[in-house]
Amino acid sequence: MEPILRVEHLTHTYGSGTPFERSAVQDLSFQVEAGEFLGVIGHTGSGKSTLIQHLNGLLRPTSGHIYLDGTDIWAKPKEIRQVRFQVGLVFQYPEYQLFEETVYRDIAFGPTNMGLTPEQVDRAVREAAAFAGLSEELLDKSPFELSGGQKRRVAIAGVIAMDPKVLILDEPTAGLDPEGRERLLANIRAYHQAKGNTILLVSHSMDEIARNVDRILVLKDAHVLMSGTPREVFARAEELESAGLDVPQVTRIARALRDRGLAIDPAVYTTEELTAALLALKKGGSAVC
Amino acid sequence: MLQTEQLEYAYPAEEGKTPRLALGGVDLNIEKGSFVVVLGHNGSGKSTLAKHFNAVLLPTGGKVWVEGMDTADEALLLEIRRRVGMVFQNPDNQIVANVVEEDVAFAPENLGVPPEEIRRRVDEALAVVGMEKFVRHAPHLLSGGQKQRVAIAGVIAMEPECIVLDEATAMLDPMGREEVLSTAHRLNREKGITVILITHHMNEAEEADRVIVMNDGQVAMDGSPQEVFCQVEKLRALGLTVPDTVELLYELRQSGWDVPLDALTVEACADAVAAAMK
Ligand SMILES: Nc1ncnc2c1ncn2[C@@H]1O[C@H](COP(=O)(O)OP(=O)(O)O)[C@@H](O)[C@H]1O
Ligand SMILES: Nc1ncnc2c1ncn2[C@@H]1O[C@H](COP(=O)(O)OP(=O)(O)O)[C@@H](O)[C@H]1O
Ligand SMILES: [Mg+2]
Ligand SMILES: [Mg+2]
């Protein structure tokens, strides 16, 4: 089956021809399967934001191609707007981009632009607000009366309301407290389960990525360092650390236990897994390898 | 260093509404030279408390003293601000000049420090945060962690006795966070500066002398990191997570293992688990 997104040899150079010329992404190739929940991780400046702005046509490749459902998104540059409806992008710190008088109108902006009827827009707004964890009574408020976390949810709802095939979130939990982070991620997971569509979650927190995604794409200095399931990626903990990334604390505990002679898989990354592994080890009696 | 007594604060309410207390009677005594981490979910009152430490906010009830100086005494305002410096969350909002050294010199210049003394302070402050190579750089081209270190240098140039970092690491990636955290520890260790670090990252509290958990405008927990983090149920009830080390030990105890709950660091936790395995 054709992957929903295919990126081939993507390079993007900012400031071409100036002394500040630099490639923010260089020769990236990867694909995303329909329905997949993909995590994109990398240190600040590794090229994450530059990459994802290509996936909905906000940035045009300096070279290389992006295929959405098998079609090069720049095949017909005049139709790039259609791509933006299909690939929804929530920017980093989107709460600074709310501009309408009410929450309702802010969320309705995208679907209205897509040419939906008022009834369809209304349904889309209410459904999106619910997915984003916003209660009905907030819809009539001004976005400026809301807390930072709520504003961010409004921005997310605005993109969800366009019912995109692919939803991309650029560091959606940055600056939230642990509970706010977990609640937002739970909303995103529930949305993914209900809709079954494709999600790309950009983050610099490994712990957060590990608990939520099917597969991880790791960027380092404009290149793909590795990609794979969380387990495959965490098995290469040293490389991750050298790329300036956090390894989940559980993985570090597992590694420290191996150093102490316990036969623990060094790629475990949840406390549940590690607890289970330890209980099994103790029961088996062959604790020390 | 800092002392509060029945500290209350209510933000001015909209007309017709009764003001809600953002701080509802806080009693704290923070020792000189200590490294204190303040945790608590959003809205629990951490920033409101922090702003009382350098008289940006004045109590609507109770008292705050900075080295014995009552923050409500207007005549002492400059003295208090000089002693307690603040660093905030967003690195981009804290930069005031186009060159790093000018940025660092900004506050002491405003305090009327003589030029040669400023030169010395700026050089020293940048060296302390490990940014001496960037004296003439443009701040906006630096990474987030570097910008925050410049902001810290700006505070250090005032030669404060206490630094309050209000979620100064929240917008940084792991590398930037580590840069800022190790800088704060170094200032504490080598210069004896009292550090108050407000954060959402539990692991930043591992090496603190003291952890204070705020909830609904009050101090909900207060103790060493070990004392605070081993109260797993209570932390969860307050909307906070516990470090994975403690969570693992907690789960193992639930399964009947004899492991301590206060092995906070990865190494201590692995030692405790390995010992229980024998
Ligand atoms: N508009 C721009 N103009 C010039 N350089 C840019 C621009 N946006 C990003 N960059 C540079 O490209 C690199 C990658 O940045 P970015 O894609 O934002 O990375 P990330 O999202 O992983 O932090 C960085 O070195 C950054 O400074
Ligand atoms: N400028 C303000 N005006 C009115 N209320 C405020 C203001 N700043 C904070 N608050 C309220 O005070 C309480 C404590 O907020 P804050 O000290 O910012 O908490 P924290 O820093 O722990 O997130 C919250 O209920 C918040 O809504
Ligand atoms: Mg980015
Ligand atoms: Mg705050």
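Details
- The protein assembly as shown: radius of gyration and largest Cα-Cα distance (Dmax), Å: 25.3, 75
- Folded to 0 to 90 degrees: helix A:148-160 orientation relative to chain A principal axis, Cα: 70
- Prolate/oblate/rounded call for the stretch A:1-149, Cα gyration tensor, a/c under 1.5 rounded: prolate
- Shape of chain B, Cα gyration tensor, a/c cut at 1.5: oblate
- Longest DSSP-loop-exposure-free segment, GluC sites (Glu not before Pro), chain B, at most 13 other Cβ within 10 Å: B:32-278
- Summary value for the stretch A:5-247: 27 percent relative contact order, contacts being C-alpha pairs under 8 angstrom separated by 6+ residues.
- Peptide-level mean, for B:172-181, of C-beta atoms on other protein chains within 10 Å: 4
- Solvent-accessible area, 1.4 Å probe, carbon plus sulfur percent, for the stretch B:2-242: 48
- Here the calculated FRET efficiency for B:GLU267 and A:MET226, from their Cβ-Cβ distance with R0 = 35 Å, stands at 0.85, rounded to the nearest 0.05.
- Three-way shape call for chain A based on the alpha-carbon gyration tensor, with the a/c threshold at 1.5: oblate
- For peptide A:262-272, the mean count of partner chain Cβ atoms within 10 Å of a residue's Cβ comes to 2.
- Between the stretch B:101-128 and the stretch B:220-277, the alpha-carbon center distance in angstrom: 44
- Within a Gaussian network of chain B (alpha carbon springs, distance under 10 Å), most fluctuating of B:ALA13, B:ALA170, B:ALA50: B:ALA13
- Note on the stretch A:1-46 and the stretch B:1-76: Cα centroid distance 47 Å, given to the nearest whole angstrom.
- Peptide A:197-207 shows a mean partner chain C-beta count of 1 within 10 Å per residue C-beta.
- Value of relative contact order over chain B, rounded to a whole percent, pairs C-alpha under 8 Å and six or more apart: 22
- For trypsin sites (Lys or Arg not before Pro), the sites in the stretch B:26-126 that DSSP calls loop and that have at most 14 other Cβ atoms within 10 Å are B:LYS32.
- Taking the protein heavy atoms of the stretch A:5-247 in the context of the full set of protein chains, the accessible area attributed to carbon and sulfur is 49 percent at 1.4 Å.
- For the stretch B:2-242: lysine pairs under 17 Å (alpha-carbon distance), excluding those fewer than 8 apart on one chain: 4
- Accessible area buried, both sides summed, chains B and A with 1.4 Å probe, Å²: 2900
- Measuring heavy-atom accessible area with a 1.4 angstrom probe and counting protein chains only, none of the residues of the stretch B:137-153 gives up at least 40 Å² relative to the chain alone.
- Between helix A:118-131 and chain A: long-axis angle, C-alpha atoms, 0 to 90°, nearest 10: 20
- Note on chain A: with a GNM built from Cα contacts shorter than 10 Å, the maximum mean-square fluctuation among A:GLY47, A:GLY180, A:GLY261 falls on A:GLY261.
The values are calculated or read from the model by the stated rules, or taken from the named source; none is laboratory data. Keep in mind the model is a prediction, meaning the values are calculated, not measured. Neighbour counts run over all protein chains shown; Cβ positions are idealised from the backbone, glycine included. Keep in mind that these areas ignore ligands, DNA and RNA; they rest on the heavy atoms of the full protein, side chains included. Shrake-Rupley method; radii C 1.70, N 1.55, O 1.52, S 1.80 Å.
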